[in-house]
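Down below is the structure, laid out as structure tokens.
The values are calculated or read from the model by the stated rules, or taken from the named source; none is laboratory data. Predicted model only: the values in this text are computed from it and were never measured. Neighbour counts run over all protein chains shown; Cβ positions are idealised from the backbone, glycine included. With ligands, DNA and RNA removed, areas are computed over all heavy atoms of the protein, side chains included. Shrake-Rupley method; radii C 1.70, N 1.55, O 1.52, S 1.80 Å.
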Amino acid sequence: GKVEGIWVKPLNAPLSNAVVRTDEILEWKKHVYIKNESVIADARDIIRISEILRRNTAFVGNRVKNEEGKVLGKVTNLSFDTTTYYIKSLLVQKTFLFFVLDSRIFSYDSVIEVLPEYILVKDAETKKVVETKGELNPA
């Protein structure tokens, strides 16, 4: 449940899978501040991150199921604490073509298991999301 690194697009380094480990981030405000460009590395060169990528257990884009096996949608976004880098919640949306049919926010505490095929959650821990002036808000 912890973000180990973030994908970056370096201006001067020719890396396609460039990441910055979260422990190299000095400050997170409007911009993300790092020590210097030398902390930007290829994801495969950072042991912890390469192990995570090898497990192929993504959050964003992964399907979400409840304990009964019902598909609740896909993770379209997540929020995390920018001090500790622990995941706080997942935004899950069920879509058809380009239309959002249902949106829910799950606390990370409701996640039972993260698998390559789907994320298993406790369905009782959900909050419906309503759209207000183009923004998503918990109901």
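Key figures for this structure:
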| quantity | calculated |
| --- | --- |
| Those strands (runs of 3 or more DSSP E) lying entirely in region 5-94 with at least 3 residues open to solvent by 50 Å² or more (accessible area, probe 1.4 Å) and touching a residue at least 12 places away in the same chain (Cβ under 8 Å) | 71-80 |
| Which numbered condition Asp102 fails, given (1) more than 15 Å from Arg63 (Cα to Cα); (2) exposed (fewer than 15 other Cβ atoms within 10 Å of the Cβ) | (1) |
| Residue in region 83-98 that is under 18 Å from Trp7 (Cβ atoms) and touching a Gly at 6+ places or on another chain (Cβ under 6 Å) present | yes |
| Residue in region 125-139 that is at pLDDT 90 or above, open to solvent by 80 Å² or more (accessible area, probe 1.4 Å) and out of contact with any helix residue (DSSP H, G or I) (no Cβ under 8 Å at 6 or more places or on another chain) present | no |
